[in-house]
């Protein structure tokens, strides 16, 4: 029964050993353990702080990337619109130039046709005149083959033309 009810000497020596053990542990073990725990706690707190900062930076970078992407899309859309405008303007200018060139060609063709028409008319008139003179010459030769007809023609001509 001694184990159930310890003697006073056993309690005394157990208490002294416990106090000495506590002093030794507090002097040599508790300070390093507590400082290691404090360092670990500080390290964990710093790590959590850095993780939060990294998370905030990632969110900031993500928003900046989205803004850059939106800006790039906007610039791309603007460039496409500008290119479409340039293409439309170029096509319109080409059509205008082609229309002007066609009108010039038509005007030149009309002038050329008119010149050729006038040349043909002049040539036809000359041909008719020449033919008329030849026919008249043949008629006059036939009618004036004798001297009497020639004198009669001269007298008729003189009567028609009055001299002052």
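Odds and ends about this structure:
- Distance from region 123-137 to region 78-94 (C-alpha centre basis), Å: 64
- Region 1-70 and region 96-117 have Cα centres lying 101 Å from one another.
- When the Gaussian network model of the chain links Cα atoms closer than 10 Å, the mean-square fluctuations of 27, 78, 95 top out at 27.
- Mean-square fluctuations from a GNM of the chain, with a 10 angstrom spring cutoff on Cα atoms, peak among 125, 151, 117 at 151.
- Selected from 135, 91, 113 as most flexible by GNM, with the chain as the system and alpha-carbon contacts under 10 Å: 135
- Whether the chain is rounded, prolate or oblate, judged on the alpha carbon gyration tensor where a/c under 1.5 counts as rounded: prolate
- Computed helical MRE - 222 nm, the chain, DSSP H runs ≥ 4 contributing -39500 (n - 2.57), nearest 500: -33000 deg cm²/dmol
Every read-out reported here was derived from the displayed coordinates using simple, explicitly stated rules and does not represent laboratory data. In this text, all values refer to a predicted model and were calculated from it rather than measured experimentally.
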